[in-house]
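These notes are about the structure you will find just below.
The values are calculated or read from the model by the stated rules, or taken from the named source; none is laboratory data. Here the structure is a predicted model, which means the values were calculated and not measured. All Cβ positions, even for glycine, are placed from backbone atoms using ideal geometry, and neighbour counts span all protein chains on display.
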Amino acid sequence: MSETPTLTLARDALIEAFADIPVAFISDALDNLRLPNTLIEGIKPLVGRRLVGRAYTIDRIVLPVNATQADIDPSLALGVQKAIDAAEPGRIIVLASGGSDRNSTWGGNMGLRAALLGVAGVVTDGPLRDLDEAEEIGLPVFGKGIDPRRSIGRLATIAIDVPVILHGVRVRPGDIIVGDRDGVIVVAPEQAQSILESVAGLRDAEAAIQASVRAGVPLVDSIRKFKKF
């Protein structure tokens, strides 16, 4: 019986820097820096509570009524499965499906293979199925809900490892993905340092506000003194 290979995860300083930052702080930092707020609306944790990693993207569309996967791109039959097989340890699989909500976009076999490869999590703008199995596997999955219907005959894969769009937010391969119980947000690597500096200030302000409130100072006064907008 073959053993599961040992997975080696390369160090990534930016991922380590964002490892414990809440999504809410990143959202506030984007607002304070006057950058587009890249929260992907409507996506919440379905399995697990947190994920952080670099995006590895898969682009899918709802099948037209008059075309099949073979008509659109026969080389991408089982495209999601091929993409999962090529995933690197520590990556977040970001699976765009045009917001499909009439079938699942992620299931148990996918989750098992991804987990064994050391994938750090999954983000999809569609539903999950095989929930009991997914919880047993333990791979974090963030999506839009639960639906047992399969995607075969309902979705087509059109590209792998290219920029994709989920609910109006563009996600590029290599973007930083952070998810927690507040949702999922996207950080452009070229903006990461500015966001980290803003988050540090926000954390200091938050700690000061809470200390002030615990000392009996009214919330309004505490916010006026320490909050930066």
Test: residue in the range 5-14 that is under 15 Å from the mean Cα position of the chain (by Cα) and without any contact (Cβ under 8 Å) to a residue 60 or more places away in the chain: no
Residue ranges of strands (runs of 3 or more DSSP E) in the range 31-96 with at least 1 members more than 23 Å from Leu139 (Cβ to Cβ): 51-62
Residue ID - farthest from the chain's Cα centre (by Cα), chosen from residues in the range 97-123 that are assigned to a loop (DSSP other than H, G, I, E, B) and over 19 Å from Ala156 (Cα atoms): Leu117
Residues within the range 15-52 that are on the phi > 0 side of the Ramachandran plot and within 14 Å of the chain's Cα centre (by Cα), tallied: 2
Check on Ser222, at pLDDT below 95, under 20 Å from Thr57 (Cα atoms) and not β-branched (Val, Ile, Thr): no
Number of positions in the range 12-29 that are of a type in the set (A, V, I, L, M), within 20 Å of Gly90 (Cβ to Cβ) and part of a helix (DSSP H, G or I): 6
Subset of the range 50-68 that is in contact (Cβ under 8 Å) with a residue 60 or more places away in the chain and surrounded by fewer than 18 Cβ atoms within 10 Å (Cβ to Cβ) - its residue that is farthest from Ile15 (Cα to Cα): Ala67
Residue within the range 69-78 that is buried (at least 21 other Cβ atoms within 10 Å of the Cβ) and either modelled with pLDDT of 95 or more or at positive phi (or both) present: no
Of residues in the range 102-159 being of a type in the set (Ser, Thr, Tyr) and out of contact with any Asp or Glu (no Cβ under 6 Å at 6 or more places or on another chain), the one surrounded by the most Cβ atoms within 10 Å (Cβ to Cβ): Thr105
Residue match in the range 147-170 (condition: within 15 Å of the chain's Cα centre (by Cα), charged (D, E, K, R) and closer than 19 Å to Ser27 by Cβ): yes
